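This report refers to the structure that appears directly beneath it.
Coordinate-derived values only; no laboratory data. Keep in mind the model is a prediction, meaning the values are calculated, not measured. Glycine also receives a Cβ, built like all others from the backbone with ideal geometry; neighbour counts cover every protein chain displayed.
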Amino acid sequence: MVSDAYDKLEQELRRGVVVLAVLSQLRTLRYGYELRQSLVDRGLPIEEGTLYPLLRRLEAQGVLSSQWRTTQGPPRRYYVLSAEGLDLYQRLIASWRGLNKAMDHLLEGEHCDDR
Amino acid sequence: MTADELIDGYVADVVTLLPRRQRRDVAQELRSLLTEEVDAAASGRASREEAARELLAGFGRPADVAVRYGSPVTLIDPADTRMFLTLAIAGAVLIPFSAVLHEFVAPAVSRRDLGRAVETAWPNVLAWLGLLVVGFTVAAWARRRRPDTGWKPRAMPTDRINRLGRAAATAFFTLGTLVLINPQWLLRAVTGGRAAPAAYQAFAYDEGFLRLRGPIVLATMIAGVALQAALLWHGRWRPWIRRADMAHSLVVCAVLTWAIAAGPIFTATPTDQAIKGAAALIILITLIDLAVRTRRHHVRQAVAIRE
């Protein structure tokens, strides 16, 4: 029961950072598989069934722009941050750092209480 | 099946659930990505097909993946689901029960078929469920277009009663009970004794009813008057009065159902059917009222606990 709850809550935590993680890797053009590998290499594996649809949703929202390219191998759709996406990314970073700081304070406080 | 056929089948299952304008583009991209994933997973394996099967099994249900490509349409808001289920279950219980009551109202006892009555009620249950879905969908759509301003404060109902209103209702109920004891008396009082004999005959009770059912119905009504008198005396809902009132409501429903099911109440068929129809309506309203009051009572109890 608690183990189920852990899995769900951990999944929710990860879901909260997926968008920021994806945006962080799309300052340069990347296609889906390449992006996933890049996230795996940096310690944040994201399921394919979640990542690929997410790219299309972000594109539909104007956060990303995309283009088909055939220069290296088969045709692939490449994504990159749009101008609005870049602005959004900067704001999300600020928000993330604020949250991180607040969480650090909260978690440090908990350690102090334990002592 | 080859790995490419497996991929094509999966992609087809995903894009068939997408809007037409998205299908071609998503199909092309998803096929290319899956092919690349399978190629990477197949390196070091004996079979590319096996790698494809494993990858696609872990990719997720096509319907779930398709939903992630867009904004899923929600017909009934999750916040409304409990209310929807409550109303749906209430309808699924009350509609067949009303059909059974309707069968009891019918004059010929020998031709009663309760099973058939319940069967004929199912289309109405389905219509009720359809109506609920449409109603909740429209409400959710309207709320999305014009978001709710939030919660509006309102006073919590108290245990106190409106004595004047309750006294008037009790007097009306007592008068009704007296009229039912002897309806011909009311007819005589209204017409000054000039009504035709047939009119008096229309309000003559059936002998069988007077033997057992009549006295029990009367006792139930008198118990109701006594409960209302106790409530008036105390001026507020005491816990025992509330419990007794709820139990009394249940008894009223049971007694009235039995009274209309067991045989004629009046000798004249039109009067008999009219009174049975009215009784059936009282049973249904009492049951709904009982459910609403029980729910409110539980809420009040939950809010009253402060420690």
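Take residue B:66 and decide whether it is part of a helix (DSSP H, G or I), within 13 Å of chain A (Cβ to nearest Cβ) and surrounded by 14 or more Cβ atoms within 10 Å (Cβ to Cβ).
Numbers: part of a helix (DSSP H, G or I): yes; within 13 Å of chain A (Cβ to nearest Cβ): yes; surrounded by 14 or more Cβ atoms within 10 Å (Cβ to Cβ): yes.
Here the answer is yes, as residue B:66 does meet what is asked.
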Going through (1) over 23 Å from residue B:270 (Cβ atoms); (2) among the acidic types (Asp, Glu); (3) surrounded by 14 or more Cβ atoms within 10 Å (Cβ to Cβ) one by one, residue B:148 fails only at (3)
For region B:27-46, pairs from a residue that is at the interface with chain A (Cβ under 10 Å from one of its Cβ atoms) and touching a residue at least 12 places away in the same chain (Cβ under 8 Å) to a residue that is buried (at least 21 other Cβ atoms within 10 Å of the Cβ) and basic (Lys, Arg), with Cβ under 9 Å and 6 or more apart or across chains, are B:37/A:36
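Does residue A:64 satisfy the criteria of being farther than 22 Å from residue B:55 by Cα, within 14 Å of chain B (Cβ to nearest Cβ) and in contact with a helix residue (DSSP H, G or I) (Cβ under 7 Å, 6 or more places away or on another chain)? Let's see the steps before the verdict.
Numbers: farther than 22 Å from residue B:55 by Cα: yes; within 14 Å of chain B (Cβ to nearest Cβ): yes; in contact with a helix residue (DSSP H, G or I) (Cβ under 7 Å, 6 or more places away or on another chain): yes.
Yes, satisfied.
Among B:231, B:281, B:250, which is the only one that is closer than 21 Å to residue B:292 by Cβ and surrounded by 17 or more Cβ atoms within 10 Å (Cβ to Cβ)?
Numbers: B:281 fails: surrounded by 17 or more Cβ atoms within 10 Å (Cβ to Cβ); B:250 fails: surrounded by 17 or more Cβ atoms within 10 Å (Cβ to Cβ).
Checking each option against the conditions leaves just B:231.
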Of the residues in region B:285-299, those that are under 24 Å from residue B:257 (Cα atoms) and in contact with a helix residue (DSSP H, G or I) (Cβ under 8 Å, 6 or more places away or on another chain) number 8
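Would you call residue A:90 in a helix (DSSP H, G or I), within 12 Å of chain B (Cβ to nearest Cβ) and over 22 Å from residue B:62 (Cα atoms)? Break it down stepwise before answering.
Numbers: in a helix (DSSP H, G or I): yes; within 12 Å of chain B (Cβ to nearest Cβ): no; over 22 Å from residue B:62 (Cα atoms): yes.
Here the answer is no, as residue A:90 does not meet what is asked.
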Considering region B:178-209, residues that are assigned to a loop (DSSP other than H, G, I, E, B) and touching a residue at least 24 places away in the same chain (Cβ under 8 Å), and then whichever is surrounded by the fewest Cβ atoms within 10 Å (Cβ to Cβ), we arrive at B:204
Return yes or no: is residue B:115 at positive phi, of a type in the set (Gly, Ala, Ser) and either part of a helix (DSSP H, G or I) or exposed (fewer than 14 other Cβ atoms within 10 Å of the Cβ) (or both)?
no
